[in-house]
Amino acid sequence: MIEDIRINTLKIIQVEEGDVMHALKEEEESFIRFGEAYFSNIKYNSIKAWKRHKLMTLNLVVPVGEIKFVFYDDRKPSRREFYEIILSKKNYCRITVPPMIWMGFQGLSEGDSTLLNIADISHNPLEIEKLPFEEINYNW
């Protein structure tokens, strides 16, 4: 596990007409403040990698489909490491990712999978760093 990444199991309340899926409450430790919330879709077997935020804390939830997340921590050269986790309705969790952790993700469900990011700041392209896919050596 990469230091500072937090995994929080979330509740799914089963209702006959359709489930209610929790994402984040303001009283939770991982809630810093609200900046923006957005959905991102990914197609089956597609990979979006690599980016990291210099300032933004991410709170990632997958309400639809199945997504494999890969995080890479190079903050300490002596301890470069990967962390992988698959989120879906079967493994319904929220991943809280601090700034300066590289991230990539892959769609594992046929059709589109959807992730929700509840971020602590609004989008600012100046605080995002990106690397070419092959720059970080990871076997997808």
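No value in this document is a laboratory result; all are computed from the given coordinates. Small disclaimer: the values here were computed from a predicted structure and weren't measured. Cβ coordinates were reconstructed from backbone atoms using ideal geometry, including for glycine residues, and neighbour counts include every protein chain displayed.
Remarks
- Of all residues in segment 96-128, those satisfying the criterion of being touching a residue at least 60 places away in the same chain (Cβ under 8 Å), exposed (fewer than 13 other Cβ atoms within 10 Å of the Cβ) and within 28 Å of GLU28 (Cα to Cα) are SER122, ASN124.
- Among the residues of this structure, GLY65 does not count as one that is more than 27 Å from PRO125 (Cβ to Cβ) and touching a Gly at 6+ places or on another chain (Cβ under 9 Å).
- Positions within segment 20-36 being touching a residue at least 40 places away in the same chain (Cβ under 8 Å), surrounded by fewer than 13 Cβ atoms within 10 Å (Cβ to Cβ) and part of a loop (DSSP other than H, G, I, E, B), in sequence order: ARG33
- Those residues of segment 91-123 which are assigned to a strand (DSSP E or B), farther than 22 Å from ILE136 by Cα and not small (Gly, Ala, Ser), in sequence order: CYS93, ARG94, THR114, LEU115, LEU116, ASN117, ILE118
- Every residue from segment 53-88 that is of a type in the set (A, V, I, L, M) and buried (at least 19 other Cβ atoms within 10 Å of the Cβ): MET56, LEU58, LEU60, VAL61, VAL62, ILE67, VAL70, LEU87
- Considering residues of segment 38-52 that are surrounded by 19 or more Cβ atoms within 10 Å (Cβ to Cβ) and touching a Gly at 6+ places or on another chain (Cβ under 7 Å) only, the residue farthest from GLY111 (Cα to Cα): TRP50
- If the condition is being closer than 11 Å to ASP4 by Cβ and assigned to a strand (DSSP E or B), then segment 69-82 contributes PHE71, ASP73.
- Residues that are touching a residue at least 12 places away in the same chain (Cβ under 8 Å), among the hydrophobic types (A, V, I, L, M, F, W, C) and more than 28 Å from PRO125 (Cα to Cα), drawn from segment 2-19: LEU10, ILE12
- Those residues of segment 1-11 which are surrounded by 14 or more Cβ atoms within 10 Å (Cβ to Cβ) and either of a type in the set (A, V, I, L, M) or assigned to a strand (DSSP E or B) (or both), in sequence order: ILE2, ILE5, ARG6, ILE7, ASN8, LEU10
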